[in-house]
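Below you'll find the structure, written out as structure tokens, and then a few comments.
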Amino acid sequence: MAIAPNTQDDERFMAAAIRLSQRHVGVTGSNPSVGALIVRFDGAGEPRVVGRGVTAGGGRPHAEVVALSEAGDAARGATVYVTLEPCSHHGLTPPCASALLRAGVRRVVVALGDPDGRVDGRGFAMLRAGGVDVVEKVGAAHARDPLAGFMTRMLTGRPLLTVKVAVSADGGIARAGHRPAQITSSIANAQTHLVRARSDVILVGVGTVASDDPMLTCRLPGLEGRSPIRVVYDPALRTRIDAKLVSTAGQVPTILAIREGVPNERRDAFREAGCEFITLAEGEGPEALLRHLGERRVSSVLFEAGERLGRSVLDAGLADRIVVVRAPMVLGPGRVVSPVRDDHLSAMRLTREERFGCDVWREYERI
Ligand code: AOF
Ligand code: ZN
């Protein structure tokens, strides 16, 4: 006789599904990285995991389909743990809710509803109409983090924006005259690269390109292919044609956000190098850029903030998350002061505090 799972089992297996969903954050395109686990509760023995899935790179197949294909016939009568409501719409493949019904699962436990207008409760309804026992809101608080970008875009039309700064003991981000300095140590830098790998877009202002000539790629061993799309906020198109970002635009997608009115001839050389453009109308600023990125179905943006754009983004209240990495080094007189002020952080709550070597990594989230 099948033993019904209890609440503790549900929370434990949902936690495992959430860990699976963390794996593909940043590589599923416009699709959220969802986790799914299929578990059999047979007889008196330990429950048995028969299928595991995470939304595939590029967004297809969906997590449930991956898990079902591993489980095969073992899915019949099983319980499915999935971090997001199974879809009900016909995309490139039939809906996950139908696939679950066809496989004959008995119970589906879900963390969060899917706000996508094509789903929005219809996945639950399809499953219930097919006689499946559906349980909602299990592990919802923990499931949110890997889905946060997608959720923000669905609810606001713009991507989740994380603003990150590395700050010296004397509150600076660069030396006098905007001369760049290595502020944080290699362990904290590796963390930054991990956040890059988990973001759809990495954003900087043209000032940062001018002073640092950065690559903005993810260079963690094993994750080199996970560099996000690079976006430069550069209304007047001041980026130099010989900047590293431009010369590598053929390998890593690179978008310059410029103001309309920049002459076409000026754009041509950048276009030939492989850069794309987002054109902002007169009067449009960073907020409009985020909206444009949302329209392109970008769900998460990591903004490695410099002084000017940093301040304007933070003062406009656009940050959903702020990461401050504080290092013991001193930049001295004339340093460029961090754009993150206490009053920006007072509207947020501290969600993570961790030491990496001598550096302290703090994450804040909008309340
Ligand atoms: C699921 N399981 O693993 C994911 C889902 O463009 P499509 O057809 O792939 O559909 C994308 C939508 O599907 C996306 O906006 C979101 O609502 C849902 N994502 N659903 O059942 C999954 N990633
Ligand atoms: Zn689906």
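What the table below lists for this structure:
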| item | result |
| --- | --- |
| Only Lys, Arg (+1) and Asp, Glu (-1) charged, at Cβ; the stretch 264-354 dipole about Cα centre in debye | 220 |
| The chain: most fluctuating residue of Val49, Val80, Val231 per GNM, C-alpha cutoff 10 Å | Val49 |
| Spatial separation of Cα centroids for the stretch 246-285 and the stretch 1-53, in angstrom | 44 |
| Packing-based ranking, highest mean first, of 24-30, 172-178, 266-272 given that Cβ atoms within 10 Å are counted | 24-30, 172-178, 266-272 |
| Cα-only Debye scattering, the stretch 158-206: base-10 log of I(q)/I(0) at q = 0.19, 0.24, 0.32 Å⁻¹ | -0.79, -1.08, -1.26 |
| Euclidean distance of C-alpha centroids, the stretch 72-96 and the stretch 325-354, integer Å | 44 |
| The stretch 266-310 - charge dipole about Cα centre, Lys and Arg +1 at Cβ, Asp and Glu -1, debye rounded to 20 | 120 |
| Estimated FRET transfer efficiency when R0 is 51 angstrom, pair Ala140-Arg238 (beta carbons, to 0.05) | 0.65 |
| Label point distance in nm, Ala4-Val337, each placed 7 Å from Cα along Cα→Cβ | 6.3 |
| Anisotropy class of the chain from Cα gyration tensor, a/c 1.5 cut | prolate |
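Taken together, the values in this text are just the output of simple stated rules run on the coordinates, not laboratory data. Just so it is clear, the structure is predicted and the values come from calculations on it, not from any experiment. Methodologically, a virtual Cβ is constructed for each residue, glycine included, from the backbone with ideal geometry; neighbour enumeration extends over all protein chains shown.
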